[in-house]
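Remarks on the structure that follows.
Throughout, read-outs are computed from the coordinates displayed, never taken from laboratory work. Being a predicted model, the structure only gives us computed values, none of them experimental. Here Cβ is always computed from backbone atoms with ideal geometry, including for glycine, and neighbour counts include all displayed protein chains.
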Amino acid sequence: MGLTMTEKILSAHLVEGKLERGTEIGIRIDQTLTQDATGTMAYLEFEAMGVPRVRTERSVAYIDHNTLQNGFENADDHRFIGYCAKKHGLFFSRPGNGICHQVHLERFGIPGKTLIGSDSHTPTGGGLGMLAIGAGGLDVAVAMGGGAYYITCPKVVNVRLTGKLSPWVAAKDVILEVLRRMSVKGGVGKVIEYTGEGVKTLTVPERATITNMGAELGATTSVFPSDEMTKAFLKAQKREEVWIPLAADEDAVYDEVIDIDLSKLEPLAACPHSPDNVKSMSEIGRLKIDQVCIGSCTNSSLLDMMKVAYILKGKTVHPDVSLSIAPGSKQVLNMIAANGCLGDMIDAGARILESACGPCIGMGQSPNSAGISLRTFNRNFEGRSGTKDGQIYLVSPETAAASALTGYLTDPRTLGDMPEFKLPEVFTINDNMVTLPAEEKDMDSVEIKLGPNIKPYPETHPLLETIDAPVSLKVGDNITTDHIMPAGAKILPLRSNIPKISEHCFAVCDEEFPKRAKELGRSIIVGGANYGQGSSREHAALAPLYLGVKAVLVKSFARIHRANLINAGILPLTFVNEADYDKIAQGDQLVLADVRKAVEAGKTELTVINKTSGAEIPVLCELTGRTKDIMLAGGLLDYTRETLK
C-alpha cells in the first residue's frame, strides 16, 4: 500500500508516536515563522525558556500585521522583535517587506519541509509542497528551541482535481467550492491533499491561494505536490536548488475522496458572516456594493495583481465604490511598478495600500455603516472588518475588480475573452529588507529593549485539586477567536499587554464579561460546537487565563484553539451528550471534584455537578500522556522550561 504525500513528510519528520490516525505524534520542525501580532509574546516565551539560539533550519520573524502606528506600542513591538531576531538567530523581515505567507512562499519555503507559524494561514506554504501548519505562539517558541511539535495524526482527504479552470474562474473559486462542500468544521483533524491532472494546470500562487484558505475548513493543513510547476516557480525565484519532486504514491489510500472538475466551476462568493456560506453569482443576484478590497495573504500575488490591473486598465472605479489594493510583498509591488500594472491601478482610481495585512485584520479600510464590501480575503466573521454591521463577501480578485467598475457584484465572465497571464521566468530579487541575525559570537552584545506596553506572560498555576467555579459566560456555536479576542486597529496594539487586552475579551458577545470574570476570580466558560475557529492567536487563551478562567466546556473545539487552551493551562472539556449544553445557564455554579486526581489517573470521562440545578453532566477530558502532564504543570511554558536546556 502506497503512501500519501502527507504520510511521506510526516514519516520523515516523526520523532514520537506512530502514524496511526487519531493518536498523538511529535514531529521535527524545520522552519518557523511569526508575525508581529503574535510574535512579541512568542519571543517573550522563547526567552523564558532560556534557550540562547534557535535550533531550526530557518526561523523568520515578520512585521506585517500591526503596521499602523498611531502610538508607540506597535513600533516598540517591532523594535523588540527585531532585536530578539538578531540576538537569537532569526531572519527579520522588516515592515514594508510584505505579508509573512507571501514572502515565505517567495523566499524561504522548501518542498518537503515542515513549517509551523504563529498565524493560522501558515498552510499557504502547502502550495509549494511543504507541510505547513498554523500553531499557537508558545508551540512555535518550543519548536524554535528544538522541541517537537505535537498534533493528532490526521486523516488525509484527497481532493482530486480534473479539467482546467474556465476563463475568469479563479483558484479562489476552487477553495470556495471545497468550503461549500466541507464546511468550516469539515476539515478538523484532517489534511487536505490535492491530486489529479487538474493540479498541473495551477501555478504555485494559485495553489497557495487554495492552501491558504484551507485554514477556514478547520483543517490541520493543505498540501499540493511538488512538481515541474513548483520547480519553475522556485527557479524564477532563483532558488531552484531547494526543489525536490514530491507526490503521493499512485496506490496511496485516503480516508476520503472529493472530486472536483475545474472546468465546471463558476465564480462564487462567501456571503456574510462565514467563509462556508458560499453561493454563486446567480444565487446572490444584483447586489449593490460600497467597497472593494483586494489583497491579503490569500490573493496578493503578482499573478493576482496582473489580472486586476488588466481588468482596470483604461477604466474608472464606479463613483459609489471605494477600491483599495494591497500588493502582498515588496517583490510584487516592485514588479507591478516596473511592468505598468501599478500605474493602471492608480489611473483607475484604486487606493494603493502598503504591502501588509491591513483591512483583513481590521487595520484600516473599515466599510461604512452596514456597508457591503467585496474582499479577496479569507475571513468574513461579523465585526472583523472593524464595522460591526459591515456585510463582507469573499470573492476572487477577478470578481472584485470587475465589480469595482460596475458598482454591483459582477460575474467576471462578462468581461469577454481572457488573455493568458504568465508568471515571469525571473522574479525581481531584492532581499534588502530582510535583516540577518548576529553571528553567534556577537549575540551577547545585542541588547533587547522592552517598551512600556510589553508585559510578561500571565502568571500560571498547576491544575487545581477541585474546580468549583461559576459559569462566567455561555455562548453558542461557531464562536471564533475574533469573538474571544477581537482584532482591529484599536485592540491589536495591545497584543503585548495581556492585562490590558483582556479588557476586550469576549466584548463582541458580552461587554461585561471581562469585568465579571475578573471579579469572580475563578470561572468556567460554556460554549457550543466548533468553539475557537479562526485565527491561531493564543491571546484567545491567554486573556481568559489572566481573567481566571479555569475550564472551557463546549460541544466541540477547533484544533488550534484547543491546543492553545492546554498550553495556557485551561482545562478543555466537551459534552458527552450535546443536549446537556441546555442544562447549564450563565451564572450556574459548576464543580469538577478531585479533577487533578482524575487527570493524573488518565480518566477521560469526568462528571460536572451543576450545584445550582443539581444536574450531573458527563464530560470528556481527552488528554494524552504529554498533554496531561502539560495540564498538571499549569501550561506548556512551565512544562517545557527545563526540558529544552
**Item:** Helix 171-182 vs. the chain, principal-axis angle (Cα, 0 to 90°, nearest 10)
**Value:** 40 degrees
**Asked** What is the magnitude of the charge dipole of the chain about its Cα centre, with +1 placed on the Cβ of each Lys and Arg, -1 on the Cβ of each Asp and Glu, and no other charges, expressed in debye to the nearest 20?
**Response** 600 debye
**Debye intensity ratio I(q)/I(0), log10, segment 373-466, q values 0.17, 0.20, 0.21, 0.25 Å⁻¹ (C-alpha model)** = -0.97, -1.07, -1.10, -1.22
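Can you work out D for segment 496-645 in µm² s⁻¹ from Stokes-Einstein, where Rh is the Kirkwood radius over C-alpha pairs, the temperature is 20 °C and the viscosity is 1.002 mPa s?
135 µm²/s
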**Fill in**
Expressed in nanometres to one decimal, the distance between label points 7 Å along Cα→Cβ at Gln69 and Thr428 is 2.4 nm
**Request:** Note down the net charge around Thr607, summing +1 for each Lys or Arg and -1 for each Asp or Glu among other residues with Cβ under 12 Å from its Cβ.
**Result:** -3
**Request:** Take each of the peptides 554-565, 276-287, 172-183, 122-133, average the number of other beta-carbon atoms within 10 Å over its residues, and list them starting from the highest.
**Result:** 122-133, 554-565, 172-183, 276-287
**Request:** Compute the long axis of helix 302-312 from its Cα atoms, compare it with the longest principal axis of the Cα atoms of the chain, and write down the angle in degrees, 0 to 90, nearest 10.
**Result:** 50 degrees
**Request:** Determine which lysines satisfy two conditions relative to Lys164: a Cα distance under 23 Å, and not lying fewer than 8 residues away in the same chain.
**Result:** Lys172, Lys200, Lys231, Lys264, Lys279, Lys307, Lys422
**Prompt:** Among residues other than Glu538 whose Cβ falls under 13 Å from its Cβ, what is the net charge (Lys/Arg +1, Asp/Glu -1)?
**Reply:** 0
**Item:** Alpha carbon convex hull of the chain, projected area averaged over orientations, nm²
**Value:** 26.4 nm²
**Request:** Give the percent of DSSP beta bridges with both residues in the chain that are antiparallel, rounded to the nearest 5.
**Result:** 35 percent
**Prompt:** In a shell of Cβ-Cβ distance under 9 Å around Asp77, excluding Asp77 itself, what net charge do Lys and Arg (+1) and Asp and Glu (-1) give?
**Reply:** -1
**Prompt:** Relative contact order of the chain: what whole-number percent is it, with Cα pairs under 8 angstrom and at least 6 residues apart?
**Reply:** 15 percent
**Message:** If packing is taken as the average count of other Cβ atoms within 10 Å, what order do 536-543, 508-515 fall into, highest mean first?
**Reply:** 536-543, 508-515
